[in-house]
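Report on the following structure.
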Amino acid sequence: MDFTFTEEQQAAVEAARAVFSGVVPDGVPSPALVPGAVAEDIDRPLWAGLASSDLLSLMLSPEHGGAGLDLVALCLVLRESAKVLARVPLLETCAVAMALQRYGDRQLAAELLPRTGRGELVLTVGANGRSGHDPAELAVTARREATAGTVPTNRDGDIADWVLDGVQSAVPWAQAADWIAIPAHTDGGRAVVALIQPAQDGVTLAEQVSTSGERFAEVRLESVLIDGRALIDDAGAWEWLRALLTTGTCALALGLGEAVLAMTSEYTGKREQFGFPVATFQSVAVQAADRYIDLRAMEVTLWQAAWRISTGAGGRLPAEGDIAVAKIWASDGVRRVVQTAQHLHGGFGADTDYPLHRFHAWAKQIELSLGPAAAHEEALGDLLAAHLLG
């Protein structure tokens, strides 16, 4: 097994570190001290910096002004972003752009993707459904209504509009987005992905706040009309987009966990009791070592999942199995890391002037995003039952 990253992927990491080096986690009010969101908008200067460093176009093909890199490169950049709690929809924008490039209408892709790579557009996605427990695509219906006139034809040559009805909850930074990807299901039960704009008729954004204090929205759709170009109905498109989002979330968990363990190591190396740094005490060292093992397991399962998606490589289980394993480790691992960090910091970890509590809030958000460990354990069990290994 080769864990060596390519020169292009390593260059992306160096560029990301340079951009994120100027970001501080406490650049906005603490989520523990404000009743609503910590800020009205995303970090626009950081977004511009990511665009000027070509990090928003990494995964776009050269025809759309990008470098043509893969999910592994994106996860490397996401890992760095989580170390500073970067308040930008980097995962959502890149994942939707990758799905549009792979499955979407060519003309629409040519219109949106170059602008996305330049940072002119912000994309996000509703992946939680109504409650976060049921499949997201079941929360919205997409029905086709035949019309006449100027509506573009679909791939079958039929002139068609699509009408969307339903709700997607906890959509990240929807108020700041120019386009929102909405999973939905057709009358035949097929999963599709619709691209809508927040200002469209029938679209309502209800204010929500994430555990990490970020501005989310419940996106309500009432007879929202879109043309055929804005609906991705290829088989497997939503499943692929969800796989990107889940794997990217694992990368965020890894980066956050690494930052927290480094913070804990620094603190316990300086904090003294009985004349010795507490890091030299066996009980402290053992707990820190256990969390280091968690992070290494999170890392290896992340790269396995990202590699399966990027290469399409086969295995004894479908790629969904590797994604489930990665998310199980990410959810449980990041929770254990921040809990241990709080314990080893003592009361200092709860001080709102110290950034650890911010990382704890973000970790809880990441742990539950795209499903907690229990949900992925159930999915993995179903896969094992369907693909007997022997």
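No value in this document is a laboratory result; all are computed from the given coordinates. Note that the coordinates shown come from a computational prediction; the quantities given were computed from them, not determined experimentally. Counting neighbours? That spans all protein chains shown, and the Cβs are built from the backbone with ideal geometry, glycine included.
Determine the relative contact order of the range 213-313: mean sequence separation of Cα pairs under 8 Å and six or more apart, normalised by residue count, in whole percent.
Values: 35 pairs, mean separation 27.4, N = 101.
It comes to 27 percent, rounded to a whole number.
Any idea what the dipole of the chain comes to, in debye rounded to 20, about its Cα centre with Lys/Arg Cβ at +1 and Asp/Glu Cβ at -1? Show your work: numbers first, answer last.
Working: 29 positive and 49 negative charges, 149 e Å.
Approximately 720 debye in magnitude.
With angles folded into 0 to 90 degrees, how steeply does helix 90-103 sit against the dominant principal axis of the chain? Use alpha carbons for both and round to 10.
40
Please report, in debye to the nearest 20, how large the charge dipole of the range 7-121 is about its Cα centre when each Lys and Arg carries +1 at its beta carbon and each Asp and Glu carries -1 there. Kindly include the intermediate steps, with their values, before the conclusion.
Numbers: 9 positive and 15 negative charges, 24 e Å.
My answer is approximately 120 debye.
Which of Ala39, Gln273, Leu108 sits closest to the plus end of the dipole of the chain, meaning its Cα is farthest towards the positive end, when Lys and Arg get +1 and Asp and Glu get -1 on the C-beta?
Gln273
Can you tell me the dipole magnitude for the range 247-384 around its Cα centre, using point charges on the Cβ only (Lys, Arg +1; Asp, Glu -1), in Debye to the nearest 20?
Details: 11 positive and 15 negative charges, 31 e Å.
I would put it at about 160 debye.
Kindly provide the helix-only [θ] at 222 nm of the chain, computed as the sum of -39,500 (n - 2.57) over DSSP H runs of four or more divided by all residues, to the nearest 500 deg cm²/dmol? Don't skip to the answer; put the middle values down first.
Numbers: 10 runs with 180 residues, N = 390.
Calculated from helices alone, the mean residue ellipticity at 222 nm is -15500 deg cm²/dmol.
Please state the relative contact order of the range 237-386 as a whole percent: Cα pairs under 8 Å, 6+ residues apart?
On the way: 164 pairs, mean separation 47.1, N = 150.
Relative contact order here is 31 percent.
Could you tell me which of Val125, Met263, Leu370 has its Cα farthest along the dipole of the chain towards the positive end, charges placed at Cβ (Lys, Arg +1; Asp, Glu -1), taken about the Cα centre?
Met263
Pull up the cross-link candidates among the aspartates and glutamates for Lys364, meaning alpha carbon to alpha carbon under 14 Å and not fewer than 8 places away within one chain.
Cross-link targets: Glu214, Asp332.
In whole percent, what relative contact order does the chain give with Cα contacts below 8 Å and a gap of six or more residues?
Working: 734 pairs, mean separation 61.3, N = 390.
Answer for the chain is 16 percent.
Would you be so kind as to identify which of Gly315, Phe216, Trp238 lies farthest towards the positive end of the dipole of the chain, taking Lys and Arg as +1 and Asp and Glu as -1 on Cβ and the Cα centre as origin?
So the residue we want is Gly315.
With r as the distance between the Cβ atoms of Val13 and Thr352 and R0 = 41 Å, compute the FRET efficiency 1/(1 + (r/R0)^6) and round to 0.05.
It comes out at approximately 0.85.
Less than 25 Å apart at the alpha-carbon level, and either on another chain or at least 8 residues along: which lysines does that give for Lys270?
Those lysines meeting the cut-off are Lys83.
Please give the FRET efficiency for Leu389 paired with Arg296, using the beta carbon to beta carbon distance and R0 = 25 Å, rounded to the nearest 0.05. Working shown, then result.
Numbers: r = 25 Å, r/R0 = 0.98.
E between Leu389 and Arg296, to the nearest 0.05, is 0.55.
Each residue of the range 321-337 in order: what ³J(HN,Hα) in whole Hz does its phi give by Karplus 6.51 cos²θ - 1.76 cosθ + 1.60, θ = phi - 60°, with x for Gly and Pro?
So the Karplus estimates, Gly and Pro as x, are x, 5, 5, 5, 4, 4, 6, 4, 5, 5, 5, 5, x, 5, 5, 5, 4 Hz.
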